[in-house]
Amino acid sequence: MNFSPQPDRLTLPQVTLCAVTSLNLSATQYALERCLKQIAFADCKLLTDACVAASHPEIRVVPIERLHSAAAYSDFMLRKLVDYIQTPYALVVQWDGHVLAASRWRPEFLDYDYIGASWPQFTDGCDVGNGGFSLRSARLLRLCSKADFMAHHPEDVAIGRINRPWLQTQGIRFAPRELAALFSAERCGNLQTAFGYHGIWHMPHIVGVEPFWNIYRELDWTRIHKRDFRTLMRAVCQGPEKRQRAWRMLVDRFITRCR
């Protein structure tokens, strides 16, 4: 999957684009490529234990120990990511999210230490937010690695809720909900106005049904919420191959639930 960069890319010299994973390497590189097509970052790092060649000249594959679980991913993000970021900010992406439109970047995003799509289930003011597509300052990363920070899985809840009061006493600034909605769409937000997004259920609409199906077929781990599974099933099970696709997704769901 190759993406020629746009000649007039947005330049973000303060930001490292990064992804951390032991799974879904092809899809993760695709997400990084989608970001790099529109933006020139200070650096782009794929942190992984897998022996994989970079799919884009601006992606640097950086070796780490294997992440055996989602909890191990959280621990790495909280305790170890700081050691791999040399810029004031990191834009963290996962395989199921990326930049939508660089033209929607706002300089005020850099006024905050943490921005991710807000969580609709929380109404107590601690609702920012999702880590799957998030901007994090180096100052935040350093504090997350401190002994006073209470590590927890998932890591974005540890940052955005459990440790938010303590982080704020240390001067950390969380973006307000309104700005978070302009930064990223997940359960909340508008894909037509957000800078980026996170969530597999959005992908058929954003990248196209056929490209998404090609990505899906190469995934080596799928864990999809029940309501999102139904949304995906409706989106991709169209045309002459709808029965084969439906069967493939049903088998994947059964295997994932049995693990």
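The values are calculated or read from the model by the stated rules, or taken from the named source; none is laboratory data. This structure is a prediction, so every number in the text was calculated from the model and none was measured. A quick note on method: Cβ atoms are made from the backbone with ideal geometry, for glycine too, and the neighbour counts reach across all protein chains shown.
Quick look at the numbers
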quantity: Which numbered condition W247 misses (of (1) surrounded by fewer than 13 Cβ atoms within 10 Å (Cβ to Cβ); (2) outside any helix (DSSP H, G or I); (3) not aliphatic (A, V, I, L, M)); calculated: (2)
quantity: Whichever residue in region 211-240 is assigned to a helix (DSSP H, G or I) and exposed (fewer than 13 other Cβ atoms within 10 Å of the Cβ) and, among such residues, is farthest from the chain's Cα centre (by Cα); calculated: P240
quantity: Set F149, F195: member being closer than 18 Å to C35 by Cα, modelled with pLDDT of 95 or more and among the aromatic types (F, W, Y); calculated: F195
quantity: Long-range neighbours under 8 Å by Cβ, at least six apart or interchain, first residue small (G, A, S) within region 196-223, second surrounded by fewer than 17 Cβ atoms within 10 Å (Cβ to Cβ) and not in a helix (DSSP H, G or I); calculated: G199/R187
quantity: Lone unmet requirement of (1) touching an Asp or Glu at 6+ places or on another chain (Cβ under 8 Å); (2) of a type outside the set (D, E, K, R); (3) modelled with pLDDT under 95 for A117; calculated: (3)
quantity: Qualifying position, being within 17 Å of the chain's Cα centre (by Cα), in a strand (DSSP E or B), under 26 Å from G208 (Cα atoms) and not β-branched (V, I, T), among L91, L32; calculated: L91
quantity: Among residues of region 127-156, those that are surrounded by fewer than 19 Cβ atoms within 10 Å (Cβ to Cβ) and either in contact with a strand residue (DSSP E or B) (Cβ under 8 Å, 6 or more places away or on another chain) or at positive phi (or both), counted; calculated: 1
quantity: Evaluation of A71 against (1) in contact (Cβ under 8 Å) with a residue 60 or more places away in the chain; (2) in contact with a Leu (Cβ under 6 Å, 6 or more places away or on another chain); (3) among the hydrophobic types (A, V, I, L, M, F, W, C); (4) surrounded by fewer than 21 Cβ atoms within 10 Å (Cβ to Cβ) (one fails), failing number; calculated: (2)
quantity: From the options F76, F149, F122, residue that is in a helix (DSSP H, G or I) and of a type in the set (A, V, I, L, M, F, W, C); calculated: F76
quantity: Contacts under 6 angstrom Cβ, first residue in region 21-42 being outside the structural domain of R223 (by TED's automatic domain parsing), partner surrounded by 20 or more Cβ atoms within 10 Å (Cβ to Cβ) and of a type in the set (F, W, Y), 6 or more apart; calculated: N24/W95; A27/W95; T28/W95; A31/W95
